[in-house]
Protein chains: 2
Amino acid sequence: MENMVSLLLSHRSIRKFEDKSLTDEQIKIIVSCAQSASSSSFVQAYSIIGIKDKQKKKKLAEIAGNQPYVADNGHLFVFCADLYRHEVIGRKEGKDVTSSIESTEKFMVGLIDAALASQNAAIAAESMGLGICYIGGIRNNLEEVKKLLKTPDRVIPLFAMAVGYPNQSPDIKPRLPFEHIYHEDEYEQQNEEFEKHLTEYDAIVSAYYEERTSGKRRDRWTEQIAAMLENQTRMYMKEFITKNKMDIR
Amino acid sequence: MENMVSLLLSHRSIRKFEDKSLTDEQIKIIVSCAQSASSSSFVQAYSIIGIKDKQKKKKLAEIAGNQPYVADNGHLFVFCADLYRHEVIGRKEGKDVTSSIESTEKFMVGLIDAALASQNAAIAAESMGLGICYIGGIRNNLEEVKKLLKTPDRVIPLFAMAVGYPNQSPDIKPRLPFEHIYHEDEYEQQNEEFEKHLTEYDAIVSAYYEERTSGKRRDRWTEQIAAMLENQTRMYMKEFITKNKMDIR
């Protein structure tokens, strides 16, 4: 099915949507596709919160750094790692599951389960002619997000996804060279080769920006990423996660 | 594209493959699709290690609990959270990125990036008529996996994915009720409703097993999951992750 590979390869984030809401049926299809993704040992350690309330969307947009497309879209989904359900299950079945659900291992399972589900949702939406944008910006202030969405302990909102009818058609961003992401049989870290890939990629990314901004921007990738990572952000995360009883042991 | 939604909804893990390797071209398409997934702030914090070496596959199968399909498949991909590249970038650009890449926030980014990429790989493979199975079992012993695949610090192998030509046709496993996974505007934890969903689902899962095992198995979902979680596994994970210089602060 060549079409599907083309669909996957043509992904780009959409940050401007028409003023048209998704129908409940569209939402149901997207969530059902999310649920069809694999889940570690069948635990299904995630939840999805759909936001219809305009005030809540506005508040989430503020938290995410005032990006308008967080409020103005066809629908906003918030994907959460969720082990609250498993606490309830433990009580229901009279089993002590506390150590297990507070472990780093199960925290990882929650993150991976939620991310697999979200990517299925993204593909489902795109295959229906919709556009999507992941919004990690809600992690700027998870304490506020938690209050707003009333998530209990052991539920961590990870990111949102804006979905809607595209009102722009941005270009596809070039990715790291295949040989750099993909290793065979072992992780190749011969530093010369490794750094050569990065230099080649820097030139590609720089040309990409230059063309699209009439020469105003020409950042290299490593420059952009190093500057971003030098700036320490969301350093409250560890405390927030453990306060919410995950990633403790 | 109705076909794509059908493809997503019909996913089930394949645990028995024909003895036929993927071509390099198939591998390249699958990895390219993985790379097309979204990445948090364009950081691309993951790597993929493809395993061709039969001895390594055998060893990984042992680590994963002697599941034969880890060794016998068309190709085996190992997905890793990867911030090693970002350490190199920091040095290259003369920026101190250490605190940032050792943060829980960036650990989460690595996990999410890797999982989004892997799910695109899964969909690409399935759309090409191949079957897939995620293998979390490599997390049974990441110290051994690290040695085998020579991953440096700041690279965490998360899971593998066996891909190949299906030699079985298992049924689709029923997922949690839509209303249980999907919340609107806030996380609904009225416990009566919440527990009602679980009870309903238990009956569905129990019937699923009963039918497929001629009555030999009829576990309820909550029973199965509580028993699994009571059993503490992979409790070395926190120590391993921090020893590999991630999720520290």
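Points to keep in mind about this one:
- Where residue B:237 falls short, out of the listed (1) crowded, with 20+ Cβ neighbours inside 10 Å; (2) touching a strand residue (DSSP E or B) at 6+ places or on another chain (Cβ under 8 Å): (2)
- Residues of segment A:202-242 that turn out to be in a helix (DSSP H, G or I), more than 8 Å from chain B (Cβ to nearest Cβ) and either of a type in the set (Gly, Ala, Ser) or in contact (Cβ under 8 Å) with a residue 24 or more places away in the chain (or both), as a count: 8
- The residue that is nearest to residue B:161 (Cα to Cα), counting only those in segment B:123-138 that are in a helix (DSSP H, G or I) and at the interface with another protein chain (Cβ under 7 Å from one of its Cβ atoms), is B:136.
- Within segment A:124-144, the residues that satisfy the criterion of being within 20 Å of residue A:24 (Cβ to Cβ) and either β-branched (Val, Ile, Thr) or touching a Leu at 6+ places or on another chain (Cβ under 8 Å) (or both) are A:124, A:126, A:127, A:130, A:132.
- Checking each residue in segment A:146-176 for being of a type in the set (A, V, I, L, M) and at the interface with chain B (Cβ under 7 Å from one of its Cβ atoms) picks out A:149, A:155, A:158, A:176.
- Taking segment B:1-69 and the helices (runs of 4 or more DSSP H) fully enclosed by it, the elements with 2 or more residues that are more than 10 Å from every other protein chain (Cβ to nearest Cβ) are at B:24-35, B:54-63.
- Scanning segment A:75-116 for residues that are more than 7 Å from chain B (Cβ to nearest Cβ) and either aliphatic (A, V, I, L, M) or not in a helix (DSSP H, G or I) (or both) yields a count of 13.
- Given (1) at pLDDT 95 or above; (2) more than 7 Å from chain B (Cβ to nearest Cβ); (3) out of contact with any Leu (no Cβ under 6 Å at 6 or more places or on another chain), number of the condition residue A:196 does not satisfy: (1)
- Any pair with Cβ under 6 angstrom, 6 or more apart, that starts in segment A:58-85 at a residue that is without any contact (Cβ under 8 Å) to a residue 12 or more places away in the chain and ends at one that is among the small types (Gly, Ala, Ser): A:61/A:71
- Matching residues in segment A:66-85 - criterion: being hydrophobic (A, V, I, L, M, F, W, C) and surrounded by fewer than 22 Cβ atoms within 10 Å (Cβ to Cβ): A:71
The values are calculated or read from the model by the stated rules, or taken from the named source; none is laboratory data. Quick caveat: nothing in here was measured; it's all calculated off a predicted structure. As a convention, Cβ positions derive from the backbone with ideal geometry for all residues, glycine included, and neighbour counts pool all protein chains shown.
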